[in-house]
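Peer 1: Mind looking over this structure? Questions follow.
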Amino acid sequence: MNTLPEEKIDTNEVANHYNYPLQGLELLAHRFLEKQGTKKTETNLRLFGKQLRDEIARLQLLLKTQAFALSQEKEIRMLIQRYNSSLTRLLDETLLKKELQNAVPKIADDFYNSYINALEAMIAFLHDYFPEHNSLEQRVPMVSLSKKRKEIVGRLDTIEQKILSHPEEMVAGELFKRLRRFAASGIPITFKIRYRDLRYKDELLRHLNEIRWKNEPEALLTPVEQMLIYLNYNSKAFIKLLIKKITQDIDHLIEPKEKLDTLLLYKKAFRQIRPKPGLVLNPGYHHLGTVLDGWFDEEIRYFEMKLKWSFTTQEDVTTLKKGDKKEEINQLRVLVKLSSDQTGLILRAADELRILVARSLSEVFKTIVPHLSTPHSENLSYKGMRTQSYVAEERDKAIAIEALERIIKKIKEY
């Protein structure tokens with residue numbers, strides 16, 4: 001039986017580098033992966049592998065030569081990052097083409113895998129040989145990301161069992177849910193993952209695995225909470241959970257002084273944990289310390305004022321007769337023909353512009369709101385109004401602005 005001879009591949013086309021350094025790699029992909037005439041045989045696969053190794057070696061030498069010729073660190077950094085971006089793009093395009101293939105023989109997959117491995121080797125060379133010139137803000141190739149997600153799943157299985165056996169670690173449940181969602185291979189990631197993101201997750205998992213529980217019944221913060229504060233885990237969900245926990249601990253206390261003392265103890269515990277320098281979950285959001293310090297200061301000012309005025313308030317209330325109490329309080333209220341949310345917006349703006357001057361925003365609402373009512377409610381919650389002023393809807397903003405414009409127009413007529 002006659003057999004067809006193996007196709008001879010002319011390699012002269014990729015023997016030299018061009019003005020575009022990756023052209024040799026792209027020509028190899030075109031010749032061996034995309035060109036229909038190239039037979040997918042073991043001999044051609046070996047030839048392809050050899051030419052890939054030669055091309056990678058030449059590309060590494062070229063890069064070293066180019067970097068050596070540059071005198072400025074900034075220029076070298078830009079060169080390395082340009083290579084990294086181009087190789088990442090080429091790697092992602094190759095993976096996509098491989099996934100779009102219909103049913104093909106195994107050897108066709110082997111050709112793609114050889115090419116993907118060569119590109120990964122070149123990217124690894126960039127990170128190993130030029131570690132100080134790589135940026136953590138560069139995007140991670142999809143191939144590397146896929147491997148990392150599988151690795152995270154394996155690490156999570158071990159860590160999760162250990163931590164979730166501690167019921168006091170309420171934050172841990174949300175944390176693992178987020179990590180599982182990231183690591184799940186069936187869930188597509190719609191945003192760019194950068195090397196900084198993977199570095200943070202490595203740090204997070206390492207510290208989770210190293211947590212050791214001690215018998216500290218008086219500790220206000222759990223080991224996981226302390227670790228997340230140290231790692232500057234500035235997730236909005238974590239911040240909300242932490243504030244909720246502190247608020248619940250304070251709410252069950254009766255005396256304002258007890259509440260204030262507990263709040264100060266929490267602030268002390270929080271401030272004693274120094275965040276790890278250079279590490280943050282989300283660089284695009286406020287640091288954890290900035291957000292919580294602001295919240296602590298606001299709450300402490302509020303409870304200080306509440307403590308200061310608590311005795312006066314009690315004396316005022318006791319002077320009201322039982323039967324006349326509701327009537328007298330209602331007589332003190334002024335009807336505002338705006339909703340609670342719209343009124344809150346105006347009070348907040350007046351406080352921030354220092355038109356209304358008080359020790360805190362809480363004090364402004366606490367002092368004024370009990371004397372107001374709206375067409376929809378006689379008894380307004382100053383806490384609710386203050387909270388809603390930060391999440392107002394566009395319609396409420398528009399109505400509040402229109403009311404202020406009417407006031408401006410009226411004043412001009414005086």
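The values are calculated or read from the model by the stated rules, or taken from the named source; none is laboratory data. Only a predicted model underlies this, so the values are computations on that prediction, with no experimental measurement involved. Backbone-built Cβ (ideal geometry, glycine too); neighbour counts: all protein chains shown.
Peer 1: Which of the numbered conditions does residue 140 fail, given that it passes all the others? Conditions: (1) within 30 Å of residue 46 (Cα to Cα); (2) of a type in the set (A, V, I, L, M, F, W, C); (3) more than 26 Å from the chain's Cα centre (by Cα).
Peer 2: So the condition that residue 140 fails would be (3).
Peer 1: Go through 201, 268, 236, 259 for me and flag whichever is charged (D, E, K, R), within 24 Å of residue 176 (Cβ to Cβ) and outside the structural domain of residue 151 (by TED's automatic domain parsing).
Peer 2: 236
Peer 1: Need a quick list: helices (runs of 4 or more DSSP H) entirely within the range 345-414 having at least 2 residues that are acidic (Asp, Glu) and outside the structural domain of residue 244 (by TED's automatic domain parsing).
Peer 2: It comes to 394-413.
Peer 1: Return the residues of the range 285-310 that are surrounded by fewer than 16 Cβ atoms within 10 Å (Cβ to Cβ), at pLDDT 85 or above and small (Gly, Ala, Ser); say none if nothing qualifies.
Peer 2: Correct list: 294 only.
Peer 1: If you don't mind, there's one more thing I want to ask. Taking the condition of a type in the set (Lys, Arg), part of a helix (DSSP H, G or I) and exposed (fewer than 14 other Cβ atoms within 10 Å of the Cβ), does residue 77 pass?
Peer 2: Criteria not met by residue 77.
Peer 1: Moving to a separate point now. Restricting attention to the range 324-355, which residues are modelled with pLDDT under 85 and touching a Ser or Thr at 6+ places or on another chain (Cβ under 7 Å)?
Peer 2: 333
Peer 1: Which of the numbered conditions does residue 165 fail, given that it passes all the others? Conditions: (1) small (Gly, Ala, Ser); (2) free of Cβ contacts under 8 Å to residues at least 40 places away in the same chain; (3) in a helix (DSSP H, G or I).
Peer 2: Unmet condition: (3).
Peer 1: Also: Output the residues belonging to the range 329-353 that are within 35 Å of the chain's Cα centre (by Cα) and farther than 21 Å from residue 391 by Cα.
Peer 2: none
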